[in-house]
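To keep things clear, I will list the structure first and then write my remarks on it.
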4 protein chains.
Amino acid sequence: MGDLLGVAVLGAGHIGADHIRRLDQVVSGARVAAVADPDTARAKEAAAGIEGVSVHAEAEAALDAAGVAAVLIASPDPAHEEALLAAYARGLPVLCEKPLVPDSAGALRVLEAEARLGRRLTQTGFMRRYDAEYRQLKSLLDSGRLGRPLMLHCTHRNVSSPPGFTSAMLVSSSVSHEIDAARWLLGQEVTAVTVLRPRSSAYAPAGLLDPQFVLFETSAGTLVDVEVFVNCGFGYQVRCEAVCEAGSARIGDGHTMVVTAEGGAREEVPQDYLVRFADAYDREMQAWVDATRQGRVTGPGAWDGYVASAVAEAGVRALESGHRTTVELAARPELYAGVDR
Amino acid sequence: MGDLLGVAVLGAGHIGADHIRRLDQVVSGARVAAVADPDTARAKEAAAGIEGVSVHAEAEAALDAAGVAAVLIASPDPAHEEALLAAYARGLPVLCEKPLVPDSAGALRVLEAEARLGRRLTQTGFMRRYDAEYRQLKSLLDSGRLGRPLMLHCTHRNVSSPPGFTSAMLVSSSVSHEIDAARWLLGQEVTAVTVLRPRSSAYAPAGLLDPQFVLFETSAGTLVDVEVFVNCGFGYQVRCEAVCEAGSARIGDGHTMVVTAEGGAREEVPQDYLVRFADAYDREMQAWVDATRQGRVTGPGAWDGYVASAVAEAGVRALESGHRTTVELAARPELYAGVDR
Amino acid sequence: MGDLLGVAVLGAGHIGADHIRRLDQVVSGARVAAVADPDTARAKEAAAGIEGVSVHAEAEAALDAAGVAAVLIASPDPAHEEALLAAYARGLPVLCEKPLVPDSAGALRVLEAEARLGRRLTQTGFMRRYDAEYRQLKSLLDSGRLGRPLMLHCTHRNVSSPPGFTSAMLVSSSVSHEIDAARWLLGQEVTAVTVLRPRSSAYAPAGLLDPQFVLFETSAGTLVDVEVFVNCGFGYQVRCEAVCEAGSARIGDGHTMVVTAEGGAREEVPQDYLVRFADAYDREMQAWVDATRQGRVTGPGAWDGYVASAVAEAGVRALESGHRTTVELAARPELYAGVDR
Amino acid sequence: MGDLLGVAVLGAGHIGADHIRRLDQVVSGARVAAVADPDTARAKEAAAGIEGVSVHAEAEAALDAAGVAAVLIASPDPAHEEALLAAYARGLPVLCEKPLVPDSAGALRVLEAEARLGRRLTQTGFMRRYDAEYRQLKSLLDSGRLGRPLMLHCTHRNVSSPPGFTSAMLVSSSVSHEIDAARWLLGQEVTAVTVLRPRSSAYAPAGLLDPQFVLFETSAGTLVDVEVFVNCGFGYQVRCEAVCEAGSARIGDGHTMVVTAEGGAREEVPQDYLVRFADAYDREMQAWVDATRQGRVTGPGAWDGYVASAVAEAGVRALESGHRTTVELAARPELYAGVDR
């Protein structure tokens, strides 16, 4: 079985360690060949018990390690650009956790570097495209059974925000998932953003504008609204309703068990994205491994990562100015022609 | 407006007082003309503030009071037979709370008395026939869209049983509603009963067999199962699923508000039958008033009251013997020809 | 029973005839004493079979008819102002279908006339305040269990729009219900409106901007969004989700029967507001009759009717300009102090 | 990566081919080392494209093939016994599709053979134990939050039955899943069975008793009822409601997408068990591979396979006699002490 895909994982923190476990135990056809983290103790712990893995402090050393044929980037966001360029220099296929690069200027540099290679190496980690419910919704929209989509109503709620989470990050970090999901579901680009500020919850940290209500306009005139509320207290809840000309379809209220007790019927709401989207992460990585072993690149690419950054930046400007803000995108290189459906 | 229907209400206890309020304030076309209760203080309190009402200790005095044109019987079950015969003697239309008469022998005497009159005067208080959900289900079954019904799965749950509630009363009192509902929904008679005894809940009073699982066979071979659980703790829950040849239909899980908080999405379950079936009671009484003012009798009649008693008695025998017990019914008088749909 | 409330009904069209039936057959404590409609044939037809009713071509003649003690206005919107002033001149309590007066200037004249009387005579026909689900939601919000409300997400969908329905009427007619419901649920005034225009459905009449997405800001900073879509094709659907600091609550997805057949589980969606809100109409009118017989006025009043008109007018301006538009209200007369909860 | 578990798959039919695909593409840590099927063309087709696999006509040849360290039995039911004994003779761990052996006498022989080995080699393919909803329900029951379970209401519906499906097979084949699930959920043995026969659907093949209603009593007095309906027409639907002392919990109505169109809100019902339980099959096989690589055996074992056969046989006798039939089990060998939770 010499053809197992040897993967170098950059970053052994929360999600990095989870991805190492996933590659080792869940995904077929791949093995963890190298792990890099400046905190080598953490890297060693994440790699413990995996046969034939090497551990490194430097990302580039991991890329050059024996048996490495692909790269998974789960390092802190600011390290993504350098890691991507290093992978491109070696011709290694990459699965890069979102955001591709935190700022759109950096994302554009990455994009152009890949475009110069003349072939795609990058899959960006928008794992909602691999969630069963989102795929079901997209399949329905693509079928045309409900006519054209006119509006998307989205909800993105977290139990509580981590320390240091800023008002801008509700748009740039949380809503970036909805940016990609909306583009993918609709096959349309986002053209303008408005951010409204309802009164803030008393349970949000002082000064944090939470919740926010974000409005996206698309190239085809579809209106996308997103409630983002990162201190909602009760659970991790991601919903999407597509309102079309001949019907509407809703995902995200799915339940698996109804418990009737103490005067009410109750469905559990997951508390965490790793729970809600566990299967999507599994499927995403399996899809990447399968495609990579066949020499192909599928799924959201560098262009999608760049657009998400650019729209999020416009969103942050809209939040700060209080005004509708148009989105300006660079010309799309030939390599990324066509909206990825 | 001299044609408001003057009603004598017999019994001013829990449900009697509620019906007096209903006739006075909710139902149009009727007025409370007389109230009878051996506890005249209770009768006076229930009649307080109603114009033109007389209060009596004796039921017959109320029937003879000025302005009385119809009778509502809400007195204790053992008093029903005498009250019904007194109403018949005066030719007064009657709405009689269930059970018509607690034992089937007495119910049969009442039935034969009405049959001798040669016209129907009696509506029996099976108010589920007036519940919007049950009507929706019956209308669907009658439409034939789902083919013939093969099974009914029923649930009848109460928060807790009142003092003095016996194992036999789970069948004779609680399940009597399902007996009538099944006959009405299916248009079939019940032919045999079996009662199974799951282990009892630790929250049921000592010695009470609760829950029970009751199986009815019908004349057309439809199987009806009823979970009756009168100390379920969490609410008053009545459900019915009709399994048909071409689909199934379920009522009783209907919700009106979903609250998401504290890690779950929750729907309230009503705690009481007066809450769950408030509209059914209103509609039942309005239907009775409307029909009576037009000189008609509609809805479940004395025959239905008799059958419910007879089936319940067979059920109690089945509970006690542990065996399947067949149901024997008297010949149906011509007056009650045809199953009431 | 001389104290049945004699009601003059102005207007015997679609909703007028339905209200006449409701007063005659559903609501207790009232009777239809007079009916007025310029089309007296229509008035006679609606009044047929009602004892002691008189029929008139002129509204004022009906107000002066024998036995009239209260007025129900169901005439065309432009006739409301004159009818209200005529009722005030006679000191008659009024239940006036929404809108109170179509334009806010007229509504203000009516309001000031009632204020000069020094007592309230008017209940405005915002019947959602009487809907069981809305009341359940309001009761939950008032309890404080979920903390302060931060956002309301509303949906208002109709199967199809009637002939002559204009883009402005989506705001001024359809959304006026949400305007009142939001004010009532929140106990807050609306301070600004923005109307967004998603691409229009191919199934909407040519030129009609349908759907629209309307945003209301309130005095306390709560954000209210309303999807209004009057040619959605599939049903009449009214939903409201209140997002609060400690949880969210949603109404309008309530179902009563689930049918599983042909590869799916299906719940019916009502096709018409008279079906969806039948009970609310019943309860509204009963509440009005009960209060009127006791010499009281409850429920939404002339102030609420005026505010709804003023907000709707701002909404139409926002639709036309494409900009956020602030709402300017007249000073509230002492008579209407306090938000009506 | 020499430690990938080499698996011999016996049987390359419908489910065998699906399991070969699963082992090859979905499950990590394993590879298909050999495939056996009397129809070697079919075996070759199922093995096509898999590196290092050998194809055989005889099961024993596959067990002896190079690289085989474990066996997956997906051959026709009557071949199971011989295959199991051959695996035991070689000390190979086995995952055996249900039924372990179709008749309880044969199952007992297998069981005793394994007991003589003194260690467990067998996992039986009751994959519901690996379904996320069933696990959620079991976890809730085990937590004790709802008190002791009193009843299980189960539904097992198929779109249509395959050719040759007999009345006895509704019990012995379809309901065998509920037999194992009930034992596992409750931690109790089944002690008696009764089978009731509602009238049959006109859409069932002539002579087939479909639906049936099966009642199981357990060692602790819990009552389990199962509606089995294999020609329900609308979908594959598996539900389970556990009624406990302090609440009830229901699985199997879970939905992921609600589509509102054409007058109703609709959730899809899967048409096939491979769709409904795809994840459970994946998880089952992964669990087996993981345990086997670690030299352990987990999950349902030969004892569970034997008991399911014995209970199903009693069920068939109950169906044929029309009477309650007690279940007699052989003494449980020490190796299988304790109910497997």
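Charge tally around A:VAL228: other residues with Cβ under 14 Å, Lys/Arg +1 each, Asp/Glu -1 each, net -2.
Of all DSSP-defined beta bridges confined to chain A, some 55% are antiparallel rather than parallel.
Which trypsin sites (Lys or Arg not before Pro) does the range B:252-307 hold that lie in a coil by DSSP with at most 15 other beta carbons within 10 Å? Intermediate results must be reported in sequence, preceding the final value.
Details: sites: B:ARG266, B:ARG276, B:ARG283, B:ARG293, B:ARG296; in loops: B:ARG296.
Sites meeting the loop and neighbour criteria: B:ARG296.
Report the FRET efficiency, 1/(1 + (r/R0)^6), for B:GLU262 and B:ALA89, where r is their Cβ-Cβ distance and R0 is 60 Å, rounded to 0.05.
Numbers: r = 61 Å, r/R0 = 1.01.
Approximately 0.50, to the nearest 0.05.
Taken along the Cα-to-beta-carbon direction at a fixed 7 Å, the label points for C:ARG116 and B:ALA66 span 4.8 nm. Once the C-beta distance of A:GLU334 and B:ARG109 is scaled by a Förster radius of 60 Å, the resulting FRET efficiency is 0.05 to the nearest 0.05.
Applying the Karplus relation 6.51 cos²θ - 1.76 cosθ + 1.60 with θ = phi - 60° to the range C:228-233 yields 3J(HN,Hα) values of 10, 8, 9, 10, 6, x Hz, where x marks Gly and Pro. Checking every one of the trypsin sites (Lys or Arg not before Pro) in the range A:75-127 against DSSP loop status and a limit of 13 other Cβ atoms within 10 Å picks out A:ARG119.
In nanometres and ascending order, the distances from the C:PRO76 label point to those of the other copies are 6.6, 7.2, 8.1 (point 7 Å from Cα along Cα→Cβ).
Going by a ≥ b ≥ c, the root eigenvalues of the Cα gyration tensor, does the protein assembly as shown fall in the rounded group (a/c under 1.5), the prolate group (a/b larger than b/c) or the oblate group? In terms of gyration-tensor shape, oblate.
At most 10 other Cβ atoms within 10 Å and a DSSP loop assignment: could you name the GluC sites (Glu not before Pro) in the range A:253-341 that fit? Please report the intermediate quantities before stating the final value.
Working: sites: A:GLU262, A:GLU267, A:GLU268, A:GLU284, A:GLU313, A:GLU320, A:GLU328, A:GLU334; in loops: A:GLU262, A:GLU328.
Listed in order of number, the matching sites are A:GLU328.
Do the sum for chain B: with -39,500 (n - 2.57) for every DSSP H run of n ≥ 4, divided by all residues, what is the mean residue ellipticity at 222 nm, to the nearest 500 deg cm²/dmol? Please report the intermediate quantities before stating the final value.
Numbers: 10 runs with 109 residues, N = 341.
It comes out at -9500 deg cm²/dmol, rounded to the nearest 500.
A label point on C:ALA48, set 7 Å along the Cα-to-Cβ line, lies at 4.6, 7.6, 8.8 nm from each of its counterparts in the other copies, closest listed first.
Among DSSP bridges having both ends in the protein assembly as shown, what percentage is antiparallel? Round to the nearest 5. Write down the numbers at each step before the final one.
Numbers: 150 of 258 bridges.
Taking every DSSP beta bridge within the protein assembly as shown, about 60 percent pair in antiparallel fashion.
Remark: label point of B:ASP18 defined 7 Å out from Cα along the Cα-Cβ vector; separations to the same position in other copies 3.0, 5.0, 5.1 nm, ascending. Judged by the gyration tensor of its Cα atoms, with axes a ≥ b ≥ c, the range D:228-268 is oblate; a/c meets the 1.5 cut and b/c is at least as large as a/b. The distance separating the Cα centre of the range C:27-88 from that of the range D:281-314 comes to 78 Å.
For an R0 of 56 angstrom, estimate the FRET efficiency from the Cβ-Cβ distance between A:ALA79 and D:TYR203 and round to the nearest 0.05.
Step by step, r from the Cβ atoms, then E = 0.35.
Chain D comes nearest to the axis taking it onto chain C at the Cβ of one residue; that residue and its distance, in whole Å, are D:ARG266, 2. Residues with beta-carbon under 11 Å from that of B:ASP131, excluding B:ASP131: net charge, scoring Lys, Arg +1 and Asp, Glu -1? Local net charge: +2.
Computed from the coordinates by the stated procedures, all read-outs in this text should not be read as laboratory data. Just so it is clear, the structure is predicted and the values come from calculations on it, not from any experiment. No Cβ is skipped: glycine too gets one built from the backbone with ideal geometry, and neighbour counts run over all protein chains shown.
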